[in-house]
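For reference, the structure discussed in these notes is given below.
The values are calculated or read from the model by the stated rules, or taken from the named source; none is laboratory data. None of the values given here were measured: they were computed from a predicted structure. Because the Cβ atoms are built from the backbone with ideal geometry, glycine has one as well, and the counts that use them run over all protein chains shown. All accessible areas refer to the heavy atoms of the entire protein, side chains included, with ligands and DNA or RNA removed. Shrake-Rupley method; radii C 1.70, N 1.55, O 1.52, S 1.80 Å.
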There are 2 protein chains.
Amino acid sequence: MLSTMQDVSLTVTRILKHGMTIHGKSQVTTWTGEAEPERRSFAEIGERATRLANALRDELGVVGDQRVATLMWNNSEHVEAYFAIPSMGAVLHTLNLRLPAEQLIWIVNHAADRVVVANGSLLPLLAPLLPHLPTVEHVVVAGPGDRSLLDGCTPRVHEYEELIADRPTTYDWPEIDERSAAALCYTSGTTGDPKGVAYSHRSIYLHSMQVNMAESMGLTEKDTTLVVVPQFHVNAWGLPHATFMTGINMLMPDRFLQPAPLAEMIERERPTHAAAVPTIWQGLLAEVTANPRDLSSMSQVTIGGAACPPALMEAYDKLGVRLCHAWGMTETSPLGTMAHPPYGLTPEQEWPYRITQGRFPLGVEARLSGPAGDTLPWDGESAGELEVRGPWIAGGYYGGAGGEDFRPDDKFSEDGWLKTGDVGVISPDGYLTLTDRAKDVIKSGGEWISSVDLENALMAHPEVAEAAVVAVPDDRWGERPLATVVLKEGATASYADLRDFLARSVAKWQLPERWALIPAVPKTSVGKFDKKVIRKSYADGQLDVTQL
Amino acid sequence: MLSTMQDVSLTVTRILKHGMTIHGKSQVTTWTGEAEPERRSFAEIGERATRLANALRDELGVVGDQRVATLMWNNSEHVEAYFAIPSMGAVLHTLNLRLPAEQLIWIVNHAADRVVVANGSLLPLLAPLLPHLPTVEHVVVAGPGDRSLLDGCTPRVHEYEELIADRPTTYDWPEIDERSAAALCYTSGTTGDPKGVAYSHRSIYLHSMQVNMAESMGLTEKDTTLVVVPQFHVNAWGLPHATFMTGINMLMPDRFLQPAPLAEMIERERPTHAAAVPTIWQGLLAEVTANPRDLSSMSQVTIGGAACPPALMEAYDKLGVRLCHAWGMTETSPLGTMAHPPYGLTPEQEWPYRITQGRFPLGVEARLSGPAGDTLPWDGESAGELEVRGPWIAGGYYGGAGGEDFRPDDKFSEDGWLKTGDVGVISPDGYLTLTDRAKDVIKSGGEWISSVDLENALMAHPEVAEAAVVAVPDDRWGERPLATVVLKEGATASYADLRDFLARSVAKWQLPERWALIPAVPKTSVGKFDKKVIRKSYADGQLDVTQL
């Protein structure tokens, strides 16, 4: 039996129309480094987005689902591009300005971007790439910056303000299938080529509704959100769309992401919410410790992108700013969990919940896949790889070698769930705690051993400076842990001492048999343990391993 | 370009699974009239719903999209039915226990209900209907009530608790197309036959997400909502689904809808929110004025179903209870508008916003259709018929004469928008004020005159007891207003006096030329002006009309 309801598609266009009318008075404030920031109402942003769409179609010839890239900071022009491009049926491709040049080139060519909208301040990054970007026919430049850097380049160059100046303020927006692509974002590709995630109109719409639900961020037009998380990073966690849904005001830092200007804009503009990765909050804390500023307007801060050190949360608690953990990935739009504790607990009781990754919202189904591929219970103890399903979760990647979408086996289960690559446990009341990356887990005789747990237990020994545990092949168990340890100066602990110490906090069958002292744990460029190097040293016989 | 996102359907099943796991500890509390109410966790409700689905399939043979009706108060068993029936692919048909017997019979036969789940306390209503309900093969009885009333009836009779007692606690829920029907609700049919609105899984899912967004009700598991609005009335405004999405606790009054028990349950259980029609709040106010009770836990109350007298809102303001207007219809799921004022206003500035019907949420597009079928501006002055579009707005009715869905011209525009039958204005900032029913508006020379405006202006005259204004045919203008007036005892005002009085507040071209004194305004059974009767009296020449 079919329903009798209207068949109305969930599109970015509808979010735009709603925001620019019902919430037309809400504002986007963009930091300029001048005495006064730039302020534009949603009504103005909507009108300018409409003019941009006209310009893209009539002047630049954008048709169909062509890709229009942005290489921009968080600012009002970037918000305009966010709405104009998908609403006309084209695909917004946000470029990550932190990527190495060769990755950016690879990505633009893979997406076959026809247009790049760039901030003037990013032309030093863009200009040298252009000779390698044959699909790019137009560059549109917004905001301050030296235009002469583009002299002699092949694409046609347009000034953003001139381009949109005399365009119509209406557009006959097409009806769009909600399952078609609205935005494209590539993973940063630490292993292998970057992979494109193509968000649909539907996924953006549903994800942004969830962002607005009270159990997630739950903001209203009373609020102003400081959007530090870049618009090129998973659609700024959905905030530009979420704000147009409910009239939340946005404060955009543009290129002023250093701790001092961030502290100044918080004190002056008094946002009630902010969203950023932990390093931003580390830097800001150091800044306001040295140069006190009032941050207390931010009653709620969403922190994600990496695990947040508990000490950082405690430090902000003292400033009246509550950090709330969120977990997600490019493939999850990104809202996967948020760590609001259950209601009615004391601060002490809340703490164990606050340091988890959080709970799954409606729309994200989760299961833990165990070592044998079995689904594990939510008992707070059984560790498995987290797999997720939902309308804003990727089911594949855009355009592989043959141009087709592709679904690598290590990323998707046979029944289509996303394998997150994260290993963790889920409590009976649905809180996720991640313990490991799947590739770092030790698969020993049908059970998993967390390398991170062993490392943390070892590093608690007073004579241990650092310790890294990796899986090594074992004839009987498949894999067993190898403990590599850096002792402190003058330490006298033996391997047996360390093993006995470990045995106090770890199950006997998890204790490593193989031990090696090393001078330092090898690290990646961003300071993480580089376990590939340790595994290779072991395989090549370059470690002095003692068997206990 | 297709997106790479997973194709996951929006279904009631997913709401159920989410609520019974992630929010398994939240509670449904049902008033019983005993010392202690009945309390069930969402986990229990979910398990019992699962057992109910097994029983409906295995014992009662419910298959496919068969209709399972409920004739029930608001209680936990009704919540179980809400989730079990649509999740198994069947259609929940909620029966309005306030309808006359002949309408109930018509509706059950039209929907071809196979099963009726009924509260024992409603058997006096159900039993006499059964001989007229040939499609009903099973009656399932829940809660207290005299079962002997069903002795000798044709359908098989089942005890709810016995029926679900030994059933499996898992069910292999089918994957359901989100556009298929989940629930069926008939309009009460004041004119013509009742009309069935078939809500889809998709419409329920999206509507309930919107209910949970902060700009609508925005409740969380911190909250308890007192669901006075019946579950047979447009899915209790989406609250049972919305609560399972975010863990909001529910307080269910069952059959205890009188002011005294309502006041008692509010004082004892301290809900933070409630939803009901104005008459409930009128009765409750009288009750607590006579017998004081603390209602102040209810910081927010959603009031809809009829216009709320401003005096009632003011009276509740004094009790610390804020009534918030909402507007909707069976055809709009029902959330159409909510009257949260813009942020940052004083109470005096908020007032003009609070007495409107409110603003449209994301998902409800609105336009005003003028006398000539043109779309009118949102200027706060141009009055037109409100038409709405969106994923939870009806686009037709279920099963007309030939069994096909049907779309009467007076209910749907050519391009598929719902004609609400309400006439009003929309302010530039998107607030709707309804002034009239479309059928009561006077269509004079291409302009509309509000009968309600004229009546209110007339009734402000100190010598007027009542006044009703109706449209009558006019050769030159198409229609013109006829003013029928009831004067107070001993009044001396002439028609000319009344017209001069009107002219102070109404444009000259709107002034009635035709006047008649009547002894009383004819009323409908629910006390509304019965304008049909006045129009007929005029047409039949039974009014003593004076032409000015």
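Residues of the stretch B:25-59 being aliphatic (A, V, I, L, M) and either within 16 Å of B:Asp172 (Cα to Cα) or out of contact with any helix residue (DSSP H, G or I) (no Cβ under 8 Å at 6 or more places or on another chain) (or both), which ones? Residues satisfying the conditions are B:Ala35, B:Ala49, B:Leu52, B:Ala53, B:Ala55, B:Leu56. Remark: B:Ala198 falls outside the filter, which requires a residue to be more than 8 Å from chain A (Cβ to nearest Cβ) and either aliphatic (A, V, I, L, M) or not in a helix (DSSP H, G or I) (or both). Whether a residue is hydrophobic (A, V, I, L, M, F, W, C), touching a strand residue (DSSP E or B) at 6+ places or on another chain (Cβ under 8 Å), part of a helix (DSSP H, G or I) and surrounded by 19 or more Cβ atoms within 10 Å (Cβ to Cβ) was assessed, and A:Met209 passes this test. Residue check: is A:Pro278 without any contact (Cβ under 8 Å) to a residue 60 or more places away in the chain, away from chain B (no Cβ under 14 Å) and under 19 Å from A:Ile303 (Cβ atoms)? So A:Pro278 fits the description; yes. Return the only residue of A:Pro352, A:Pro342 being open to solvent by 10 Å² or more (accessible area, probe 1.4 Å), outside the structural domain of A:Trp417 (by TED's automatic domain parsing), more than 21 Å from A:Arg437 (Cβ to Cβ) and part of a helix (DSSP H, G or I). Unique residue meeting the criteria: A:Pro352. Residues in the stretch B:242-259 that are more than 10 Å from chain A (Cβ to nearest Cβ) and open to solvent by less than 10 Å² (accessible area, probe 1.4 Å): B:Thr243, B:Met250, B:Leu251, B:Met252, B:Pro253.
B:Ser9 satisfies every condition listed in (1) assigned to a loop (DSSP other than H, G, I, E, B); (2) in contact with a Ser or Thr (Cβ under 9 Å, 6 or more places away or on another chain) except (2).
Quick grid of which residues meet (1) farther than 28 Å from B:Glu34 by Cβ; (2) of a type in the set (Lys, Arg); (3) under 25 Å from the mean Cα position of the chain (by Cα):
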| residue | (1), (2), (3) |
| --- | --- |
| B:Val91 | yes, no, yes |
| B:Leu126 | no, no, yes |
| B:Gly145 | no, no, no |
| B:Pro155 | yes, no, no |
| B:Glu159 | no, no, no |
| B:Ser200 | yes, no, yes |
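Pairing residues of the stretch B:338-362 that are within 13 Å of chain A (Cβ to nearest Cβ) and within 26 Å of A:Ile204 (Cβ to Cβ) with residues that are open to solvent by 60 Å² or more (accessible area, probe 1.4 Å) and basic (Lys, Arg), at Cβ distances under 6 Å and at least 6 apart in sequence or on separate chains, gives B:Tyr343/A:Lys222. Selection of first residues in the stretch A:127-153 that are open to solvent by 80 Å² or more (accessible area, probe 1.4 Å) and of second residues that are not β-branched (Val, Ile, Thr), restricted to Cβ pairs under 6 Å at least 6 apart or on distinct chains, gives the following pairs, ordered by first then second residue: A:Glu137/A:Arg114; A:Glu137/A:Pro155; A:Pro144/A:Gly120. Checking every residue in the stretch A:225-235 against the condition of being under 17 Å from the mean Cα position of the chain (by Cα) and at the interface with chain B (Cβ under 10 Å from one of its Cβ atoms) gives zero matches. In the stretch B:16-30, the residues that are at the interface with chain A (Cβ under 9 Å from one of its Cβ atoms) form no Cβ pair under 6 Å with any partner that is surrounded by fewer than 24 Cβ atoms within 10 Å (Cβ to Cβ) and of a type in the set (Asp, Glu), whether six or more places apart or across chains.
Scanning the stretch B:512-540 for residues that are open to solvent by less than 60 Å² (accessible area, probe 1.4 Å), within 14 Å of B:Glu455 (Cα to Cα) and free of Cβ contacts under 8 Å to residues at least 24 places away in the same chain yields a single hit, B:Asp530. One residue stands out in the stretch B:98-113 among those that are modelled with pLDDT under 95 and in a loop (DSSP other than H, G, I, E, B): the one that is most open to solvent (accessible area, probe 1.4 Å), namely B:Arg98.
Across the stretch B:505-539, which residue is farthest from the chain's Cα centre (by Cα) among those that are part of a strand (DSSP E or B) and farther than 19 Å from B:Ala491 by Cβ?
Step one: filter the stretch B:505-539 for residues part of a strand (DSSP E or B), giving B:514-517, B:523, B:529.
Checking which are farther than 19 Å from B:Ala491 by Cβ leaves us with B:514, B:523, B:529.
Details: B:Arg514: 36, B:Lys523: 22, B:Phe529: 21 Å.
Here the residue is B:Arg514.
Taken over the stretch B:114-126, the criterion of being surrounded by fewer than 23 Cβ atoms within 10 Å (Cβ to Cβ) and either closer than 27 Å to B:Gly64 by Cβ or out of contact with any Pro (no Cβ under 7 Å at 6 or more places or on another chain) (or both) is satisfied by B:Arg114, B:Leu122, B:Leu123, B:Pro124, B:Leu125. Selection of the stretch A:385-404 for residues being away from chain B (no Cβ under 13 Å) and modelled with pLDDT of 95 or more yields A:Glu385, A:Leu386. Of the set (1) hydrophobic (A, V, I, L, M, F, W, C); (2) outside any helix (DSSP H, G or I); (3) within 14 Å of another protein chain (Cβ to nearest Cβ); (4) open to solvent by 20 Å² or more (accessible area, probe 1.4 Å), all apply to A:Ala35 but (3). Given the structure, is A:Ser203 touching a residue at least 24 places away in the same chain (Cβ under 8 Å), closer than 22 Å to B:Ser3 by Cβ, within 14 Å of chain B (Cβ to nearest Cβ) and of a type in the set (Ser, Thr, Tyr)? Yes; evaluated as a whole, the condition is true for this residue.
Being out of contact with any strand residue (DSSP E or B) (no Cβ under 6 Å at 6 or more places or on another chain), open to solvent by less than 50 Å² (accessible area, probe 1.4 Å) and either within 30 Å of B:Val91 (Cβ to Cβ) or without any contact (Cβ under 8 Å) to a residue 40 or more places away in the chain (or both) is a description that does not apply to A:Thr4. Within 13 Å of another protein chain (Cβ to nearest Cβ) and small (Gly, Ala, Ser): does that describe A:Gly320? Judged against the criteria, A:Gly320 is not a match. How many residues, within the stretch A:410-445, are in contact with a strand residue (DSSP E or B) (Cβ under 8 Å, 6 or more places away or on another chain) and open to solvent by 30 Å² or more (accessible area, probe 1.4 Å)? Residues that pass the stated criteria total 10. Given the structure, is A:Arg407 among the basic types (Lys, Arg) and more than 13 Å from every other protein chain (Cβ to nearest Cβ)? For A:Arg407, the condition - among the basic types (Lys, Arg) and more than 13 Å from every other protein chain (Cβ to nearest Cβ) - is not met. Residues of the stretch A:40-95 that are outside any loop (DSSP other than H, G, I, E, B), in contact with a strand residue (DSSP E or B) (Cβ under 8 Å, 6 or more places away or on another chain) and open to solvent by 10 Å² or more (accessible area, probe 1.4 Å): A:Arg40, A:Ser41, A:Arg48, A:Arg67, A:Glu77.
Being in the same structural domain as A:Val68 (by TED's automatic domain parsing), part of a helix (DSSP H, G or I) and of a type in the set (Asp, Glu) is the requirement here; does A:Glu162 meet it?
Answer is yes for this residue.
Return yes or no: is A:Gly370 open to solvent by less than 10 Å² (accessible area, probe 1.4 Å), under 22 Å from A:Trp448 (Cβ atoms) and either outside the structural domain of A:Gly430 (by TED's automatic domain parsing) or aliphatic (A, V, I, L, M) (or both)? Spelling it out, it is not the case that A:Gly370 is open to solvent by less than 10 Å² (accessible area, probe 1.4 Å), under 22 Å from A:Trp448 (Cβ atoms) and either outside the structural domain of A:Gly430 (by TED's automatic domain parsing) or aliphatic (A, V, I, L, M) (or both).
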